[in-house]
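Below is one structure; the comments refer to it alone.
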Amino acid sequence: MGNRTSGAPAMADVARLAGVSHQTVSRVLNGHPYVQEQTRLRVQAAIDELGYRPNRVARALVTGRSQLIGVVAQNTTLCGPSSLLAAFEQAAALAGFVVTTHRANVLDRQSITKALERHRDQRVAGIVVIAPTTSAHDAVDTVPPDVPLVMVDGDARRATPTVTVDQAAGAVAATRHLLEAGHRTVWHVSGPPDWFDSAGRIEGWRSALEAAGAEVPPIVPADWSAASGYRTGQMLARMPEVTAIFAANDHLALGILRAMSERGRRVPHDVSVVGFDDVPEAAYFIPPLTTVRPDFDAVARDALELLMAQIDGSSVAGLLRTSTPTLVPRDSVRPPSA
């Protein structure tokens, strides 16, 4: 009759099909950082083929820890936070963890503190906070130091283990791209002032202009919405000296594109525009939008690895991991007209 395993597949079946040891399968399931990518892919393919599902109850008894990870996030459809959350949920699932998310409608200290307390009541193995604002850090200070916790896109100067996109590097790339196209300076429409993302993008924009010896125009404040971009775009469209704009995200850029069109200023013939985030629709704007693409999958993997290290008892206080975004050139940038 052969040696076919009856019932649900076990970890040993996965190891046999992938041609690796039982310990290697365990490392892959637990998101261990020191597994070769080719091996990880082979194990995952075996898991998918067999339909293997980890026995979380048994694993919790063996390891003495919960298989539940708590995430605190904003109740938003903004591309950055929602993409990070989706990427982290996928990375955690591959490691055999279940993610429970508490969403805050407002990113203030009280809301985030309540979400953190609910996760602790659930006795989660660890907590990830995707709330890149100053109020989030104030709330995190209330969590005991023995609770495994990682901030995503937080303040790199704090002692809390943090994983972040290098916002400044992305802004430098966007600003340099506009300057190298021949524009004398670049105007910046910023995000909300209490977001670390906004601060990092302002820093990179300003440093790129100063390094080039270009004039630094006043910042044009906004929120993250297309409506806010539209309002600021109407103002900038009336200023003939504005030939290049770096918008703090793609939704702002979308609003700016519409405002320029209504005011008779063509993009990119009269005004060049660059965004940030590379939302899925960016390639279909009119014109297709040049933007900066963060690697959300890399951020999610780094966050999980830092969290797993703490769960396993390693000291990671003050540890920072950064991911450098890449510029995606499209059709919204060209040299200024004569």
_Single unsatisfied condition, Ala139 versus (1) in a helix (DSSP H, G or I); (2) over 30 Å from Gly126 (Cβ atoms)_ = (2)
*Would you confirm whether any residue within the range 85-93 is polar (S, T, N, Q), modelled with pLDDT of 80 or more and either in contact with an Asp or Glu (Cβ under 6 Å, 6 or more places away or on another chain) or buried (at least 21 other Cβ atoms within 10 Å of the Cβ) (or both)?*
no
*May I ask you to list the residues in the range 73-85 that are free of Cβ contacts under 8 Å to residues at least 60 places away in the same chain and either in contact with a helix residue (DSSP H, G or I) (Cβ under 6 Å, 6 or more places away or on another chain) or small (Gly, Ala, Ser) (or both)?*
Ala73, Gln74, Ser82
*Under the condition of being under 19 Å from Thr322 (Cα atoms) and among the hydrophobic types (A, V, I, L, M, F, W, C), which residue from the range 137-161 is most open to solvent (accessible area, probe 1.4 Å)?*
Ala159
_Anything in the range 101-117 that is loosely packed, with under 14 Cβ neighbours inside 10 Å and either within 30 Å of Ser26 (Cβ to Cβ) or among the hydrophobic types (A, V, I, L, M, F, W, C) (or both)? List them, or say none._
Val106
_So Asp250 passes all but one of these: (1) closer than 21 Å to Thr133 by Cβ; (2) acidic (Asp, Glu); (3) surrounded by fewer than 22 Cβ atoms within 10 Å (Cβ to Cβ). Which condition number does it fail?_
(3)
*For the range 288-304, name all the residues that are more than 21 Å from Arg157 (Cβ to Cβ) and buried (at least 20 other Cβ atoms within 10 Å of the Cβ).*
Leu289, Thr290, Thr291, Val292, Phe296, Ala300, Arg301, Leu304
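Does Asp270 count as farther than 30 Å from Leu29 by Cβ, acidic (Asp, Glu) and buried (at least 22 other Cβ atoms within 10 Å of the Cβ)? Spell out the reasoning first.
Working: farther than 30 Å from Leu29 by Cβ: yes; acidic (Asp, Glu): yes; buried (at least 22 other Cβ atoms within 10 Å of the Cβ): no.
For Asp270, the condition - farther than 30 Å from Leu29 by Cβ, acidic (Asp, Glu) and buried (at least 22 other Cβ atoms within 10 Å of the Cβ) - is not met.
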*For the range 208-220, state whether one or more residues are under 22 Å from Gly255 (Cα atoms), surrounded by fewer than 16 Cβ atoms within 10 Å (Cβ to Cβ) and aliphatic (A, V, I, L, M).*
no
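The values are calculated or read from the model by the stated rules, or taken from the named source; none is laboratory data. Since we're looking at a predicted model, the values are computed, not measured. Because the Cβ atoms are built from the backbone with ideal geometry, glycine has one as well, and the counts that use them run over all protein chains shown. Areas reflect the complete protein model, heavy atoms only, side chains present, ligands, DNA and RNA absent. Shrake-Rupley method; radii C 1.70, N 1.55, O 1.52, S 1.80 Å.
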